[in-house]
Amino acid sequence: MEERRRAWWASGFALVLAATTGAAAVHLWWLPCRGTMLVGTPLASFGDAADVADGCVDRMGEGTPFPLPTAAASSSPGLLALIVVTIVAVAVAWLLPVLTEPLSGTSRLVAALPGFAALGVAVLAVGIAYDVPGAEEVAYPLATFLNLLVVSGFAVLLGQVGTWPRHLVTALALSSMGFAGPIVNYLLMVHWSDLNWDAPPGSGYLTAAFLLVCGIAVLALTFLRRPAPPMAARRVPAEVAA
């Protein structure tokens, strides 16, 4: 029991770490749009699409920094490392609690597969950034399949683990590292920015914020599930009861 509790604490902090590194990666990713990030949004007091530099337009065409960046990940020092750390931290946040659950061998394998798939996505992201042959061809199907693996892994946990809300939170966080993440991000961002013919500037911050919310939720749920004190400690002394 104590081992699982420690795993959940580590899971929550891993998601907070992922949110931090993810936000830093998004900041570096959108440096070509510096000074025009709010153009086309309700907060812009001046400017229009004509004010956006060519470098910013090119970066919009590159998509988002995670889960699968393009070669643009090597454009800023430390950017690729931050992207990889973000994906790995989310994968670890899923794997740590799953590997401490009392599951059978097959069930444990199915439940853990999404985390290992996310680790594979992190490795392939490096391959894409360095233009390794075949990396992109493998990475995109794997990132798409990741969301299906998350559903099947959570289904196994739902059927065999009594306390599943924290697993649901980590499942949602892990899903953001598949193609579901960029799609949801885009559907929300197109309502925020008129520069939406490709990825709107700032795309990715919502994912980082979502990871932070998930991390805080896991930590809060773990805190609320404090182990009950031993029976001896809860026993009322006879003289007090009298």
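The values are calculated or read from the model by the stated rules, or taken from the named source; none is laboratory data. None of the values given here were measured: they were computed from a predicted structure. Every residue, glycine among them, receives a Cβ derived from its backbone with ideal geometry; neighbour counts consider all protein chains shown. Side chains included, ligands, DNA and RNA excluded: accessible areas come from the protein's heavy atoms. Shrake-Rupley method; radii C 1.70, N 1.55, O 1.52, S 1.80 Å.
Figures for the structure shown
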quantity: Nearest-0.05 FRET efficiency for residue 104 and residue 71, computed from C-beta distance (R0 51 Å); calculated: 0.75
quantity: Rounded to whole Hz, the Karplus (6.51, -1.76, 1.60) HN-Hα couplings of segment 61-78, x for glycine and proline; calculated: x, 7, x, 10, x, 9, x, 10, x, 9, 4, 5, 5, 8, 6, 10, x, x
quantity: Approximate shape of the chain as ellipsoid semi-axes (Cα gyration tensor, √5λ), whole Å, largest first; calculated: 40, 22, 14
quantity: Residue among 192, 94, 29 with the largest mean-square fluctuation in a Gaussian network model of the chain, springs linking Cα atoms under 10 Å; calculated: 192
quantity: Between helix 2-29 and the chain: long-axis angle, C-alpha atoms, 0 to 90°, nearest 10; calculated: 10
quantity: Highest-fluctuation residue, 166, 225, 59 considered, GNM on the chain with Cα pairs under 10 Å; calculated: 225
quantity: Fully extended contour minus Cα-Cα distance, from residue 191 to residue 130, at 0.36 nm per residue; calculated: 18.6 nm
quantity: Estimated inter-spin distance, residue 34 and residue 213, nm [label 7 Å along Cα→Cβ]; calculated: 3.0
quantity: Calculated [θ] (222 nm, deg cm²/dmol) that DSSP helices of n ≥ 4 give over the chain, each run adding -39,500 (n - 2.57); calculated: -21500 deg cm²/dmol
quantity: Isolated Cys in the chain, by beta carbon distance under 4.7 Å; calculated: 214
quantity: Among 186, 7, 80 - extreme Cα towards positive end, dipole of the chain, charges at beta-carbon; calculated: 7
quantity: Cβ-placed point charges (K, R +1; D, E -1), dipole of the chain about Cα centre in debye, nearest 20; calculated: 1380
quantity: Carbon + sulfur, % of accessible area of the chain - ligands and nucleic acids excluded, 1.4 Å; calculated: 69
quantity: Mean separation of Cα contacts under 8 Å, 6 or more apart, over the residue count of the chain: relative contact order %; calculated: 31
quantity: Among 218, 57, 121: highest mean-square fluctuation, GNM of the chain, C-alpha pairs under 10 Å; calculated: 57
quantity: Principal-axis tilt of helix 135-160 within the chain, Cα atoms, nearest 10 degrees; calculated: 20
quantity: J(HN,Hα) series, segment 173-182, from Karplus relation 6.51 cos²θ - 1.76 cosθ + 1.60, nearest Hz, glycine and proline x; calculated: 5, 5, 4, 5, 8, x, 6, 5, x, x
quantity: Accessible area of the chain divided out per residue, in Å², using a probe of 1.4 angstrom; calculated: 49
quantity: Degrees separating the helix 105-129 axis from the principal Cα axis of the chain, which is the longest one; calculated: 30
quantity: For the chain, with +1 on Lys and Arg beta carbons and -1 on Asp and Glu, the positive-most of 120, 102, 164 along the dipole; calculated: 102
